[in-house]
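The values are calculated or read from the model by the stated rules, or taken from the named source; none is laboratory data. For clarity, every value in this text was computed on a predicted model and none was experimentally measured. Here the Cβ positions follow ideal geometry from the backbone for every residue, glycine too, while neighbour counts run over all protein chains shown.
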Amino acid sequence: MDGHSTVDNPPTRSPQADNAPAENPRTDAPRTLVGICTYNEAGNIREMLARVAAALPDADILVVDDGSPDGTAELVRQFAAQHSAPGNVNCHVRKDRGLGGAIRAAMQTAITERYQLFCNLDADLSHDPADLPRLVQAVLESDVDVAVGSRYVPGGQIHGWPTRRKWMSRFINSLAKRKANLPVNDASGSFRCYRVACLERLDWQAEWSNGYSFIQQILLRLKKLGATFTEVPITFTERVQGNSKLDLREAVRSGWTVLRLS
């Protein structure tokens with residue numbers, strides 16, 4: 001990744017997609033891109049970047065920011081200039097808003113630039129970056145396409161959630177498990193590691209959700225392609241800085257996406 005660029009619509013497919021993935025120039029570890037999607041995360045982003053860099057020092061980090069008015073993107077650029085190797089931390093600023101569209105933009109960058117693994121986690125520190133190596137290890141050692149950071153397997157936990165959030169999460173995951181037959185217990189969390197070769201097989205020209213329901217939608221479409229999954233227990237901690245972007249409307253929309261695509 002070169003520089004600290006600003007983009008609106010990243011390419012949907014690499015011109016070198018049929019070639020082998022590029023080697024990691026810094027290590028023999030798989031070439032990995034960590035995507036962090038932000039909107040008004042100025043209170044969290046510097047600590048987030050530092051912890052991701054400590055957890056996966058050989059990975060590149062891409063922050064996709066939806067034009068945050070609080071200066072999140074500028075803080076990312078400052079961090080990149082002060083702390084990272086050249087090109088190791090980048091910030092793409094979009095004109096559009098929406099978690100699904102931001103994750104999709106990061107995934108398409110991983111495809112275009114021929115990474116081997118793509119990791120995604122929330123920017124608000126509700127996901128612990130220290131768990132990233134366990135997700136990467138799960139993909140490599142279990143030989144699966146996707147490792148899901150799961151709150152709903154033995155060892156997984158949730159700290160600090162109100163009853164309303166617990167109800168929304170259980171509702172979405174119950175639909176995903178029972179109606180769509182997804183082979184994971186936690187389909188509503190975005191903390192995951194994907195093989196980029198698997199992502200490349202998806203039809204990126206199809207209709208995709210730009211909101212929270214993208215998190216379930218991509219698992220459903222990967223399942224239909226025959227992708228394999230595993231879950232890694234994580235502890236989810238409710239954010240301290242800022243406000244959650246998930247509301248009841250997004251939860252209902254996610255449920256409808258599961259029903260429509262299953």
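Out of all the residues in the range 88-109, which are assigned to a loop (DSSP other than H, G, I, E, B) and out of contact with any helix residue (DSSP H, G or I) (no Cβ under 9 Å at 6 or more places or on another chain)?
Within the range 88-109, Lys95, Arg97 meet the criteria.
Where in the range 128-222 are there helices (runs of 4 or more DSSP H), lying wholly inside it, with at least 2 residues that are among the small types (Gly, Ala, Ser)?
By residue number, 132-142, 163-178.
Return the residue satisfying two criteria in turn: it lies in the range 110-127 and is more than 16 Å from Pro30 (Cβ to Cβ) and not in a strand (DSSP E or B), and of such residues it is farthest from the chain's Cα centre (by Cα).
Thr112
Only one of (1) in a loop (DSSP other than H, G, I, E, B); (2) crowded, with 22+ Cβ neighbours inside 10 Å is not met by Asn40, so which one is it?
With (1) in a loop (DSSP other than H, G, I, E, B); (2) crowded, with 22+ Cβ neighbours inside 10 Å applied to Asn40, the lone miss is (2).
Are any residues in the range 32-61 over 17 Å from Asp124 (Cβ atoms) and in contact with a helix residue (DSSP H, G or I) (Cβ under 8 Å, 6 or more places away or on another chain), and if so, which ones?
Passing the criteria: Thr32, Leu33, Ala53, Ala54, Leu56, Ala59.
Would you call Arg114 touching an Asp or Glu at 6+ places or on another chain (Cβ under 8 Å), at pLDDT 95 or above, surrounded by fewer than 22 Cβ atoms within 10 Å (Cβ to Cβ) and closer than 27 Å to Ala81 by Cβ?
no
Tell me, yes or no, whether the range 46-63 has at least one residue that is modelled with pLDDT of 95 or more, among the β-branched types (Val, Ile, Thr), within 12 Å of Glu113 (Cα to Cα) and touching a Leu at 6+ places or on another chain (Cβ under 8 Å).
No, the conditions are met nowhere in the range 46-63.
Listed here are the residues, each with its yes/no results for (1) touching a helix residue (DSSP H, G or I) at 6+ places or on another chain (Cβ under 8 Å); (2) without any contact (Cβ under 8 Å) to a residue 12 or more places away in the chain.
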{"residue": "Arg134", "(1), (2)": "no, no"}
{"residue": "Gln137", "(1), (2)": "no, yes"}
{"residue": "Glu141", "(1), (2)": "no, yes"}
{"residue": "Val153", "(1), (2)": "no, no"}
{"residue": "Gln157", "(1), (2)": "no, no"}
{"residue": "Met168", "(1), (2)": "yes, no"}
{"residue": "Phe171", "(1), (2)": "yes, no"}
{"residue": "Lys177", "(1), (2)": "no, yes"}
